[in-house]
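Student: Sharing a structure, written as structure tokens. Questions coming.
Coordinate-derived values only; no laboratory data. All values reported here derive from a predicted model rather than from experimental measurement. A quick note on method: Cβ atoms are made from the backbone with ideal geometry, for glycine too, and the neighbour counts reach across all protein chains shown.
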Amino acid sequence: MVTHQEIHDVVRCIPRGRVATYGQVAELAGIPGQARRIGYALSALPEDSPIPWQRVVNAKGEISLRSHAGAETLQFKLLRQEGIVFDKNKRIPLPRFQWRPRS
DNA sequence: ATTCTGACTTGGG
DNA sequence: CCCCAAGCCAGAA
């Protein structure tokens, strides 16, 4: 069984200035195909968590909507501070910023 | 114990 | 490129 804790451990490995998709995190955590659980695990984190939750985005390179209002804006700011660039449609060019482990 | 709920992905059209 | 249906399961109630 893979718990929230283990998912958090994977997210903690995403380097500054790069992003990972939910599906990617799911694979690295050993639960391919269960992307939804990543979001659920992250939603359990406080905004000031040491876990870099802001580096996880959906497969289109967009910031996913969530229940806690305003958090998307915070995520957008945090990523820009790390040097992530968004295109006109508020999407991150994944080929350029997606994290590639052990590369 | 059982039911309901999600920060999603993927393949097919 | 966009849209849809199906799949997935830990945690909270």
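Student: Hey, does segment A:78-88 have a residue that's surrounded by fewer than 12 Cβ atoms within 10 Å (Cβ to Cβ) and assigned to a helix (DSSP H, G or I)?
Tutor: Checked against the condition, which is being surrounded by fewer than 12 Cβ atoms within 10 Å (Cβ to Cβ) and assigned to a helix (DSSP H, G or I), segment A:78-88 yields at least one hit.
Student: I've got another one for you. What number of residues within segment A:5-33 satisfy the criterion of being within 11 Å of DNA strand B (Cβ to nearest atom), touching a residue at least 12 places away in the same chain (Cβ under 8 Å) and farther than 14 Å from A:ASN58 by Cβ?
Tutor: Count: 3.
Student: Another question about this same structure. Kindly establish whether A:PRO32 is exposed (fewer than 13 other Cβ atoms within 10 Å of the Cβ) and under 18 Å from A:ARG80 (Cβ atoms).
Tutor: So A:PRO32 fails the test.
Student: Limited to segment A:89-103, what total is found for residues that are out of contact with any Ser or Thr (no Cβ under 8 Å at 6 or more places or on another chain) and either of a type in the set (Asp, Glu) or surrounded by 10 or more Cβ atoms within 10 Å (Cβ to Cβ) (or both)? Let's see the steps before the verdict.
Tutor: Applying the first criterion (out of contact with any Ser or Thr (no Cβ under 8 Å at 6 or more places or on another chain)) to segment A:89-103 yields A:89-93, A:95-97, A:99-103.
Remaining after also requiring either of a type in the set (Asp, Glu) or surrounded by 10 or more Cβ atoms within 10 Å (Cβ to Cβ) (or both): A:90-93, A:96-97, A:99, A:101.
Result for segment A:89-103: 8.
Student: I need a count of the residues in segment A:45-63 that are within 11 Å of DNA strand B (Cβ to nearest atom), surrounded by fewer than 15 Cβ atoms within 10 Å (Cβ to Cβ) and not aliphatic (A, V, I, L, M).
Tutor: 5
Student: Of the residues A:ALA26, A:ALA59, which single one is within 14 Å of DNA strand C (Cβ to nearest atom) and touching a strand residue (DSSP E or B) at 6+ places or on another chain (Cβ under 6 Å)?
Tutor: A:ALA59
Student: Counting only residues that are hydroxyl-bearing (Ser, Thr, Tyr) and more than 12 Å from the chain's Cα centre (by Cα), which one in segment A:57-100 is farthest from A:ALA35 (Cα to Cα)?
Tutor: So the residue we want is A:THR73.
Student: Still on this model: Can you find a residue in segment A:45-52 that is touching a Phe, Trp or Tyr at 6+ places or on another chain (Cβ under 8 Å) and assigned to a loop (DSSP other than H, G, I, E, B)? I'd like the intermediate steps shown before the answer.
Tutor: Here is the first cut: in segment A:45-52, the ones touching a Phe, Trp or Tyr at 6+ places or on another chain (Cβ under 8 Å) are A:45.
Right, trim to assigned to a loop (DSSP other than H, G, I, E, B) and you get A:45.
Yes, the conditions are met somewhere in segment A:45-52.
Student: Look at A:ILE14 and say whether it is within 17 Å of A:PRO101 (Cα to Cα), touching a strand residue (DSSP E or B) at 6+ places or on another chain (Cβ under 9 Å), in a loop (DSSP other than H, G, I, E, B) and among the aliphatic types (A, V, I, L, M).
Tutor: yes
Student: Can you confirm whether A:GLY61 is at positive phi and in contact (Cβ under 8 Å) with a residue 24 or more places away in the chain?
Tutor: Spelling it out, A:GLY61 is indeed at positive phi and in contact (Cβ under 8 Å) with a residue 24 or more places away in the chain.
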